[in-house]
Amino acid sequence: MSDQVGFTTMAGARATGEAPPLGIVLLGYAFMGKAHTNALKKLPYMMYPPVAIPRLVAIAGRNEEGTREAARRYGYEKFTTDWRDLINDPDVQVFDNGGPNNAHLEPCVAAAEAGKHVFCEKPLARTAEEAKTMLDAVQKAGVKHMVAHNYRFVPAIVQARRLIESGKLGRIYHFRAVYLQEWIMDPNFPMVWRLRKDVAGSGVLGDLGSHIIDLARFLVGEPKRLTAMTKTFITERPSEDGTSRVPVDVDDAFTALIEFENGALGTLEASRFAAGRKNHQVLEINGEKGSISFSLERLNELDVYWVDEEPKETRGFHNVLVTESYHPYWENWWPHGHIIGWEHTFVHEFHHFFDAIVNNKDVAPYGATFEDGYRNAVIADAIEQSAQSGRVVDIRY
Ligand code: SOE
């Protein structure tokens, strides 16, 4: 199996003390293509010594000129407008899917069947059914698989997970998260792919909702049942070419009320109609022994409250700058207080994935696997089902 050959090659390289190369093919050169490539190029000298040396073998995109320019800009050895050209490339060990949601299923399944380890942007798929097909394919192929839920790799979020796992918060009562943006409030904003059900699968639910659904599962646990509402505020927009006006068939906002298996009660809200909110992801966990609060736009910080903190006269929420060398991932960066940003979460998640590949470790539980992507999709589908029926929906994987 190519997987064993891959490990043999890597083991050989490890024997010399050199990190093995990992040939990467990237599908997509837009926003996520840029974020992924930036991380791949930074990883070898910042996550040092690296577990692997990414080799930018090829980039694939729909537009020939755009893909050629991206290959030149980022330093990919080859480029193509057909990802199928690359699936069997012996120089490639990792297929990185940064394409739109309707381009996740087929390429990821083909890459797994070709023995490639598969990294795919969120949401994993447009529906739970598609996600399950992808999960079955990677499990059958025996390759490593990961969904790019990059917010699991914010040091403050990892620290929050460690505090919860350690029992520091005790029994969890509440999880509440919002993820708010404002970029499509203009009725004349066109029907880009994130607003088309046939391409994206859903609107804000899959785009921003998938992140807070994942963080709910990562920090608190599995949802048991939920009830939800969705809303489309602007029901018609200009087509992308501007020649017509077309109906909007995805959600602009949703709110969900969730009961978790462990008895916690949660609320999730995501909208792209929150004027003034740029990338406003805020979450709070309330436990019997204290609370933790996080805001993505201040991602180096955690606000914490401990019920039994002494002296009680000064008890209250206090702000922690999560930048000490003992904080997650900080041994790789700067002296405390020299803050990192959104882009560094991608460096951390690729490091995690490559470590799993080269040293045959599990991606779970700190990284999101295709199983997590599938469960995320089941929960998203349940939100849509509850919004349509008006009823509480049980979560069954
Ligand atoms: C747009 O809503 C977007 O780029 C999402 O697609 C990303 O997943 C999120 O991290 C930032 O906002």
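Among residues other than ASP249 whose Cβ falls under 9 Å from its Cβ, what is the net charge (Lys/Arg +1, Asp/Glu -1)?
+1
Sum up the charges of everything whose Cβ sits under 12 Å from the Cβ of TYR29, counting Lys and Arg as +1 and Asp and Glu as -1, but leave TYR29 out.
+1
Would you mind telling me the antiparallel percentage of the DSSP bridges in the chain, rounded to 5?
Bridges in the chain that DSSP calls antiparallel: roughly 60 percent.
With every protein chain kept in place and ligands, DNA and RNA left out, what is the accessible area per residue of segment 292-397? Probe 1.4 Å, answer in Å².
49 Å²
Taking the highest mean first, how do the peptides 210-216, 68-74 order by number of other beta carbon atoms within 10 angstrom per residue?
Top to bottom by mean Cβ count within 10 Å: 210-216, 68-74.
Taking K and R as +1 and D and E as -1, what net charge do the other residues with C-beta under 11 Å from the C-beta of GLU236 add up to?
Result for the neighbourhood of GLU236: +1.
If each of GLU182 and PHE233 carries a label point 7 Å out from its Cα toward its Cβ, how far apart are those two points in nm?
Label-label distance for GLU182 and PHE233, simple model: 1.1 nm.
Need the full-extension length gain, GLU64 to LYS312, defined as separation in residues times 0.36 nm minus the C-alpha distance. One decimal, nm.
Working it through step by step, the gained length comes to 82.8 nm.
Please work out whether the chain counts as rounded, prolate or oblate from its C-alpha gyration tensor, where a ≥ b ≥ c are the square roots of the eigenvalues and a/c under 1.5 means rounded, while otherwise a/b larger than b/c means prolate and anything else oblate?
oblate
Any idea of the accessible area per residue across segment 76-131, 1.4 Å probe, to the nearest Å²?
Normalised by residue count, the accessible surface of segment 76-131 is 36 Å².
What are the chymotrypsin sites (Phe, Trp or Tyr not before Pro) within segment 108-199 that DSSP puts in a loop, where the Cβ has at most 16 other Cβ atoms within 10 Å?
TRP183
Just list whichever of LYS122/LYS144; LYS132/LYS278; LYS132/LYS361; LYS224/LYS312; LYS41/LYS116; LYS34/LYS140 have alpha carbons separated by over 27 Å in the model shown.
Result: LYS132/LYS278; LYS224/LYS312; LYS34/LYS140 exceed 27 Å.
Could you check how much of the accessible area of segment 269-397 is carbon and sulfur, as a whole percent, using a 1.4 Å probe?
48 percent
Quote the accessible area belonging to LYS41 in square angstrom, nearest 10, computed with a 1.4 Å probe and with ligands, DNA and RNA left uncounted.
About 100 Å², rounded to the nearest 10.
Kindly rank 259-270, 311-322 from highest to lowest mean number of other beta carbons found within 10 Å of each residue.
The densest-packed peptide leads the list: 259-270, 311-322.
The values are calculated or read from the model by the stated rules, or taken from the named source; none is laboratory data. Keep in mind it's a predicted model, so treat the numbers as computed, not measured. Positions of Cβ are backbone-derived with ideal geometry, glycine not excepted, and every protein chain shown enters the neighbour counts. All accessible areas refer to the heavy atoms of the entire protein, side chains included, with ligands and DNA or RNA removed. Shrake-Rupley method; radii C 1.70, N 1.55, O 1.52, S 1.80 Å.
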